Amino acid sequence: MAEGPLRVAVIGVGHLGKHHARLLAGIDGAQLTAVVDTNLERAAAAAGPTGARPLSDYRELLGLVDAVTVAVPTELHHEIAMPFLESGISVLVEKPITRTVEEAAALIAAADISGATLAAGHTERYNPAVAAVMPLVSTPRFIEVHRLGVFPDRSLDIDVVFDLMIHDLDIILAMVKSEVTAIEAVGVPVLTDRFDIANARLRFATGCIANVTASRISKERVRKIRFFQPDAYISIDYAEQEVEGYRLKRRDGQRPEIQGGKLPITREEPLKRELEDFVRAVREKGRPLVTGEDGRRALALAQAIAEKMETV
């Protein structure tokens, strides 16, 4: 790759992709070269303020860019990402990384062979509140998650497990660092023919239990995760980027004292942090915070939860 700016294109400028284009246009070290969408008018609208070239066919990008971000429907992730990875062009794929674990493994293998960077778009990992809590969660014993959203006009091609819950599955896997040994799950299709609300209870080899609820048919938005570990409680409000932490301080001969409160957090747009990390990883030939393998693991757990729901 040349010493100049990283030539990046965005493929798919729907609800999320248009924000990829907006942010990449302002990231140091990157040059938004093109914006691709099957709807050329939509591509032109997203490209207009940035000076990037609008295109309707992603294949025109091969040989013109160093990296792409893929924000198209999940069923197309593998098909679109593969030719870029095989050509040594780095790819950030929005979550879930692919439809199947086998497709994810194929992308990972292609990136390994060509030396391209493969990143998975689990944006919540870049939330400043999550980054602040990562060093504090050491021995979680119980995790409680509520991710509730109102009925959307997008992502209805996949179950709520793959649409919303997968964010928290990625966070939990990164925090617990242990294998899942048991899964109980239930899902209900309410407004679509797919699961619109779901709950999963996960047991890890460490003994940790995670109770995870995701809904896209709630009246209000709630995005919270709570960690309980010996002598400590930590809570994250993803949306507000707020963290509360409390610890029990034991003193010889005296009653234990609870200490803690809100932690100072510098608010920042998680997607911006994600794209900056991707640009850095490609330019430095380093490792992104959320790798293709991380995306595969989260997808595999989501798939296992969905299969449990289908059998009850």
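Of note:
- Rh by Kirkwood over Cα pairs, then Stokes-Einstein D for region 74-160 at 1.306 mPa s and 10 °C, µm²/s: 104
- Qualifying GluC sites (Glu not before Pro) for region 141-221 [loop in DSSP, other Cβ within 10 Å: at most 12]: Glu179, Glu220
- Per-selection Kirkwood Rh - region 154-312 (Cα, Å, 1 d.p.): 18.0
- Taking Asp196, Asp28, Asp170 as the candidate residues, the one with maximal mean-square fluctuation in a Gaussian network model of the chain, Cα springs under 10 Å, is Asp28.
- Assuming charge only on the beta carbon of Lys and Arg (+1) and of Asp and Glu (-1), the dipole of region 253-312 about its Cα centre is about 200 debye to the nearest 20.
- Whole-number percent relative contact order across the chain, with pairs defined as alpha carbons under 8 Å at least 6 apart: 18
- Nearby lysines by direct alpha-carbon distance to Lys249 (threshold 27 angstrom, same-chain neighbours under 8 apart not counted): Lys177, Lys224, Lys262
- Using a Gaussian network model of the chain in which every pair of alpha carbons under 10 angstrom is joined by a spring, one finds that among Leu62, Leu275, Leu85 the greatest mean-square fluctuation is at Leu62.
- Farthest toward positive dipole pole in the chain [+1 Lys/Arg, -1 Asp/Glu at C-beta], among Leu55, Thr192, Phe228: Phe228
- Put simply, the Cα atoms of region 226-312 extend 54, 45, 25 Å along their principal axes, the longest span coming first.
- Unit charges on C-beta of K, R, D, E only; dipole of region 128-233, Debye: 300
- Overall, the chain carries a charge dipole of about 1100 debye about its Cα centre when +1 sits on the Cβ of Lys and Arg and -1 on the Cβ of Asp and Glu, all other atoms neutral.
- Largest mean-square fluctuation among Pro128, Pro152, Pro54, in a Gaussian network model of the chain whose springs join Cα atoms under 10 Å apart, belongs to Pro152.
- Using the Cα coordinates of region 156-225, the gyration tensor eigenvalues translate into equivalent-ellipsoid semi-axes of 23, 13, 10 Å, sorted from longest to shortest.
- Size check on the chain: the Cα extents along the three principal axes, sorted descending, read 70, 45, 39 Å.
- Pair-distance distribution of region 35-182: all C-alpha pairs, bin width 5 Å, starting at 0; shares per bin in whole percent are 2, 8, 15, 17, 17, 17, 13, 7, 3, 2, 0.
Taken together, the values in this text are just the output of simple stated rules run on the coordinates, not laboratory data. From a predicted model like this one, the values you see are computed outputs, not experimental measurements. Neighbour counts run over all protein chains shown; Cβ positions are idealised from the backbone, glycine included.
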